[in-house]
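Below is one structure, written out as structure tokens, with a few remarks after it.
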Amino acid sequence: MTTLSPPSPAAEDLGLQDRPPASAIVADALAIAHRNLIALVRTPTTLVFSTIQPIIFVLLFRYVFGGAIQAPPGMSYVDYLMPGVFVQTVTFGSVNTGVGLATDLQTGIIERFRSLPMARSAVLAGRTLADVVRNLFVIILMVAMGFLVGFRIHAGVIPFIGAVLLMLGFGFAMSWIMALIGLSAGNAEAAQAGAFPFMALLVFASNAFVPTNRMPRLLRAYADHQPVSAVNSAVRALAGGGATTRPVLVALAWMTGITVVFAALAVGRYRRTA
Amino acid sequence: MSVAPMSVAPMNAGPAIVVEGLVKRFGDVVAVAGVDFTVPTGTVLGLLGPNGAGKTTIVRMLTTILRPDEGRASVLGLDVVRRPHAVRSVIGLAGQYAAVDEALTGRENLRMIGHLTHQPGPTIHQRADELLERFGLSAAADRPVRTYSGGMRRRLDLSAALVHRPRVLFLDEPTTGLDPPGRSDLWALIGELVADGTTLLLTTQYLEEADRLSDNIIVIDGGRIVASGSASQLKSRLGTTVVEVRFPDAAAAQTASTQLAPIGAVEVLDDRRTISVTVADAGPAVLEVVRQLDSTGLFPESIIVREPTLDDVFLQLTGHKAETGEPVPPPGAKAASGKRSARRERGAA
């Protein structure tokens, strides 16, 4: 708009840049991610609480309800259940992103970041990256829990690593949805409350715990065509064997779409949040 | 590379901050209603005003956090709207709500800022240690900030603003919420910075603070400048002492208020039987008050001599009491409203 105005002589003298160097985009995101991971390690209670709920789900569904649930033919219920629990864990875990950002807004540290000559993208990118690391830790914990209750990998280690990567990617995608909610909520409690109904609808009205074939027609149509179910199916295929191409592609399409749309929305929201 | 030019900076560069016709609205509320001022390089400007006057909004526009609706502002010749990134590399901001990471240690906080301002790797640790030492935080450097006292947090917040050696520093109510010893500690530190030649814009609700630290003071109310000048200029306009005289009844107070008018600005307080006289010099004024009362045979119940409060200043400048009520509460506003009411009570006592 103002390209005609000459650059300020003072700035020329100082050799000041009008944007951060390209290397800063990665470096700043890593600096923020590092900060968030330190906070995570210093407050282990949050991590413990976020794994208690899925552990209770494993015990409930494996030993209380599991006997009454019909797994698809050729699959034991525990092998059906555990991928659902893994995906549930990363999905609920993404609430952490929103709560973290809302807290940062509340304490004013984002105000400080905005006054620094750093890459603008770093606050959001650093937070979501840190949450990927956090998710990796939680997934490893839940896989170990799975082995304790009888879960087994049938398709080999390499596809299962693929499944873990897929879940990390999905957690990253969900983090952007939560980033948008966290930035809009303004405080941690509101972010948490705002996220829950949405998360519950995605996780429970899915094929995570029970196959969808005995659900009412309308519910089944929803449950068969939503992202959490898609990722569940892909992880089951990668862990338990069977055709993997189609479910993996569907899951990848979902997570790419969610990331693109919600990262754009969250970044826009961040720019406007003062 | 980009760190070295500090010494190259021209010292005759003229004003460090130029503000012209700055306006900011939040919905229907006009937070800043057309403000103009300049801050010469190497000087300290105090923005004095009550909560909601628009001080923080001005600082947020100058530090590129908020975009002005009208007018323009520049820092070291850099337009805050057109060249925000360049502005950010020459400024430091320490806010009202000590914005440091609670989970990190003091040292980690400063190193993080060093990384985020792209300081050369080897100097990041050195700079953090240097600042911790200077601000008396070395002993607590490796403790998480959540274990720090209020005064320690403020000192860390201030040092975080200095990591990249900014040439223009913004301090938004740096001592709000601190106890008197904490406040004078921070004043001493700020005084040292200013002696080093840093240009400083400081907002405050405390007359004493503005007086102590600033070369020039701007008094703002309702988003507008209502007075400006050096501390001594303002003082001679405002008076430096308030003599409060209480009478047994309203009639006596009424008579006395006309009787004492030649001594200073007289006001009848809400209880109708106390009057306040704002004067330049306490000693002679008290004697004169007593003499006048003696000559008319009015007997006061009590005479109190006190420093003027912000309310007194505003009453004189604007003819109304200082409004409290932030149009748009900034982050962490809950804490602020508590502080605010505590202050009001003190002012009223």
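The values are calculated or read from the model by the stated rules, or taken from the named source; none is laboratory data. Because the structure is a prediction, the values reported are computed rather than measured. Don't worry about glycine lacking a Cβ; one is built from the backbone with ideal geometry, like all the others, and counts go over all protein chains shown. To get the accessible areas, we keep the full protein, side chains included, count just its heavy atoms, and leave off ligands, DNA and RNA. Shrake-Rupley method; radii C 1.70, N 1.55, O 1.52, S 1.80 Å.
Numbers at a glance
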item: Charged-residue dipole, Cβ positions (Lys, Arg, Asp, Glu), the stretch B:13-68 about Cα centre, Debye nearest 20; result: 180
item: Per-residue [θ]222 nm for chain A (sum of -39500 (n - 2.57) over DSSP H runs n ≥ 4, rounded to 500); result: -24500 deg cm²/dmol
item: A:ALA253 versus B:ARG82: modelled label distance in nm, points set 7 Å from Cα along the beta carbon direction; result: 4.9
item: Residue list for the stretch B:131-152, given a label point 7 angstrom along the Cα-to-Cβ vector of A:THR45 and an amide N cut-off under 18 Å; result: B:144-148
item: Chains B and A, summed buried accessible surface - 1.4 Å probe, Å², nearest 100; result: 3500
item: Residue-level accessible surface for A:LEU30, protein heavy atoms, 1.4 Å, Å²; result: 100
item: Gained length - A:GLU189 relative to A:VAL157, 0.36 nm times residue gap less alpha-carbon distance; result: 7.5 nm
item: Sulfur and carbon atoms: percent of accessible area, the stretch B:241-306 [1.4 Å]; result: 55
item: Chain A: DSSP helices with Cα axial extent of at least 27 Å and average Kyte-Doolittle hydropathy no lower than -1.0; result: A:22-42, A:122-148, A:157-185, A:245-272
item: Protein accessible area in chain A, 1.4 Å probe - carbon and sulfur %; result: 70
item: Net lengthening on full extension, B:GLN233/B:ASP196 (0.36 nm per residue, minus Cα-Cα); result: 10.8 nm
item: Label zone at A:LEU265 (point 7 Å along Cα-to-Cβ), backbone N below 20 Å, the stretch A:223-244; result: A:223, A:225-231
item: 1.4 Å probe accessible area per residue over chain A, in Å²; result: 46
